[in-house]
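The values are calculated or read from the model by the stated rules, or taken from the named source; none is laboratory data. Everything numeric here is computed off the predicted structure, so don't read it as measured data. Reconstructed Cβ throughout: ideal geometry from the backbone, glycine too, with neighbour counts over all protein chains shown. Accessible surface areas use protein heavy atoms only, side chains included; no ligands, DNA or RNA. Shrake-Rupley method; radii C 1.70, N 1.55, O 1.52, S 1.80 Å.
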Amino acid sequence: MADISNAQILDALRTIQDPDRGQDIVSLNMVTGLVSKSGNVGFTIEVDADRGPKMEPVRKAAEVAVMAIPGVLSVTVVLTAPTATAAATPAKPAAQPQGGQQTPVKLLADVGAVIAVASGKGGVGKSTTAVNLALALSQKGLKTAILDADIYGPSLPMMLGITEKPDSPDGKRLMPIKKYGLKCMSIGFMVAADTPMIWRGPMVMGALEQMMGDVEWGETDVLIIDMPPGTGDAQLTIAQRVALAGSVIVSTPQDLALLDARKGLNMFKRVEVPVLGIIENMSYFLCPHCGERSEIFTHGGAKNAAAQMGVDFLGEIPLEMAIREGSDNGLPIVATAPDSPQAKPYHVIADALWAKVSSGAGQPVAPEIIVE
Ligand code: ADP
């Protein structure tokens, strides 16, 4: 696909006014770090820190204006304050230090390997896959943690059956909650399930950074981040602020989901996070009665797409009643029936994933990560 030109994008952004200053955001030089690749556009709008929350409608309007350009598949707009420590623009900090260039301190730098489990859209089984993969890694003997980075729709409390709140012995840092051998953190541990999350963009970023930076993870070989669905600011913040060893994309076989998976993939490529591979979830149906395998969707789509996109295919997980019941009732299959046929694909994929990470697949763009 042809790249959308910067001129086209800037023209669209000239229609967006800064309400306080009465001029458009391009003339005011507020747009920086513009990146456009294969229909995926990202840029930063620079605002003074105290105007951050107020500028959210401008951010949203900019996103909508660029999304309306024919051929644009995804738009990622981040509000940053030029002086804030965490101000990360899509163009600069994602790249690793070059010739003394200053980059913000990465979060979770003490963790052996941080792996982001992502999907282009919700409902593909990303969280189920993240939890079961984390459990499989833990059962390999690795000290494993899982962070639920979905601020709007946290799923870890339900998936792991966690109802307690995390302790904070010093009133500053939070202790992760231990369950099934995993160290776990989710905004859902702190906020009642029926509280609507009406946070604006900058607040979400703040909450995410705290959950990554202010949690006492302790000695950890691998931390799985269950990413929010889609490819917006929160995903970009994580991809830029965390020392990621790599990312994994979960997709269902349907074409639509795969198109979304491509967006996820492109986002990681753009911020130079290695994609460790694609997993096809709900790949085929395993009959609970006769054990027969039926290909109810066009099974294999993710494998073909992975080949086309030049990324590894990590494996397929069947559509299984036992997987669904377990993950919706706090009883994930890999914890409750680790030797079952249903848990097997997770072990196989976890082995493949760990082999890639420990062989240094995440090294090229994350030279500061030391995998032990
Ligand atoms: P996401 O994180 O992508 O939104 P979830 O992990 O919450 O998706 O899964 C969505 C629904 O699909 C849940 O009810 C979950 O139990 C179910 N699910 C996920 N993977 C499978 C699977 N392989 N087989 C059966 N049900 C699954």
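For the reader, a short list of remarks on this structure follows.
- Filtered residues of region 280-310 (kept if open to solvent by less than 20 Å² (accessible area, probe 1.4 Å) and under 26 Å from Lys140 (Cα atoms)): Glu280, Asn281, Ser283
- Summed over region 121-147, the residues that are within 16 Å of the ligand (Cβ to nearest atom) and within 23 Å of Gly161 (Cβ to Cβ) give a count of 17.
- Subset tally (residues that are over 23 Å from the mean Cα position of the chain (by Cα) and among the polar types (S, T, N, Q)) for region 33-73: 0
Matching residues to (1) farther than 18 Å from Asn40 by Cα; (2) more than 16 Å from the ligand (Cβ to nearest atom); (3) not assigned by TED's automatic domain parsing to the domain that holds Gln342:
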residue: Gln210; (1), (2), (3): yes, yes, no
residue: Asp214; (1), (2), (3): yes, yes, no
residue: Thr231; (1), (2), (3): no, no, no
residue: Gly264; (1), (2), (3): no, no, no
residue: Arg270; (1), (2), (3): no, yes, no
residue: Val275; (1), (2), (3): no, yes, no
residue: Cys287; (1), (2), (3): yes, no, no
residue: Glu295; (1), (2), (3): yes, no, no
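- Screening Pro338 against (1) within 15 Å of the ligand (Cβ to nearest atom); (2) surrounded by fewer than 21 Cβ atoms within 10 Å (Cβ to Cβ); (3) farther than 27 Å from Val242 by Cα leaves a single unmet condition, (1).
- Selected residue (criterion: surrounded by the most Cβ atoms within 10 Å (Cβ to Cβ)) from residues of region 102-120 that are under 13 Å from the mean Cα position of the chain (by Cα) and either hydrophobic (A, V, I, L, M, F, W, C) or more than 8 Å from the ligand (Cβ to nearest atom) (or both): Ala118
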